[in-house]
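Novice: I'd like to ask you about the structure that follows.
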Amino acid sequence: MRFRSQPTDGYVIHAVSGINTISFAIDATGANTAGLLGFAVERVDPAASEQYFMYGFKVFRSVIPVPTKEMVVSTRDHPIQSFVWDDFTAKPAHTYTYRFHPLKGKPKNIDRSAAAISIEVRTEPLFTNGPHDVFFNRGVASSQAYERRFGNQRPIILPRSGVRFMVPTKRNWFNTPMGTVGVPVDFYLENTAMPISELLPLLEKLERGRP
């Protein structure tokens with residue numbers, strides 16, 4: 001689905017939504033972009049009662065001289081330095097409001113006085129009642145997310161059934177198991193202290209019946 005914001009101080013935002021991904025393009029033709037550092041992106045999810053600034057990877061070198069590859073920062077302080085941006089964390093058949101805040105000034109003295117550009121977006125449902133549903137993967141961004149979450153570890157595939165599972169390690173553990181991030185995983189075994197004597201019967205069950 002396609003969406004367009006109302007003009008705000010010369011900015012217009014266009015959005016195209018899928019199931020989990022929303023792509024944004026910022027038209028700044030009529031805006032005063034002198035001194036523009038980027039955009040802090042705020043997302044409002046009324047259904048979940050959530051409102052927060054989205055996260056990114058790019059930082060200001062003057063603020064964080066040596067970022068690590070695992071580092072994630074808030075766009076409130078390290079804005080999106082581009083006129084195109086994607087949110088890969090949306091939920092299917094969900095309505096969000098995004099507010100793009102133009103930030104000016106200097107990285108250590110940010111001017112937040114500019115009006116935010118607001119756009120309401122709705123994602124597509126996972127399945128429809130039509131004759132066809134088309135699915136795309138999330139490309140390079142999903143590979144980055146997979147590496148951050150799982151430490152670039154391959155899921156283990158059981159040879160007879162093809163069932164894919166992953167046992168968390170210190171590098172790939174996180175609080176909420178993820179269904180798919182680039183590489184599909186059918187089962188995420190949460191018990192990191194599971195003895196091999198308990199793990200093997202579980203794998204046998206997966207091979208036979210996928211409980």
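Novice: Could we say that ASP27 is over 19 Å from the mean Cα position of the chain (by Cα), in the same structural domain as LYS106 (by TED's automatic domain parsing) and at positive phi here?
Specialist: The answer is no for ASP27.
Novice: Moving on to the next point. Could you identify the single residue in LYS104, LYS91 that is assigned to a loop (DSSP other than H, G, I, E, B) and of a type in the set (Lys, Arg)?
Specialist: The unique qualifying residue is LYS91.
Novice: If you don't mind, there's one more thing I want to ask. For the structure I just gave you, tell me whether GLU50 is of a type in the set (Asp, Glu), loosely packed, with under 12 Cβ neighbours inside 10 Å and within 20 Å of ALA15 (Cβ to Cβ).
Specialist: Against the criterion (of a type in the set (Asp, Glu), loosely packed, with under 12 Cβ neighbours inside 10 Å and within 20 Å of ALA15 (Cβ to Cβ)), GLU50 qualifies.
Novice: For ARG138, work out the one condition from (1) modelled with pLDDT of 65 or more; (2) under 23 Å from ARG2 (Cβ atoms) it doesn't fulfil.
Specialist: Among (1) modelled with pLDDT of 65 or more; (2) under 23 Å from ARG2 (Cβ atoms), the lone unmet condition for ARG138 is (1).
The values are calculated or read from the model by the stated rules, or taken from the named source; none is laboratory data. The structure displayed is predicted, hence computed values, not measured ones. Don't worry about glycine lacking a Cβ; one is built from the backbone with ideal geometry, like all the others, and counts go over all protein chains shown.
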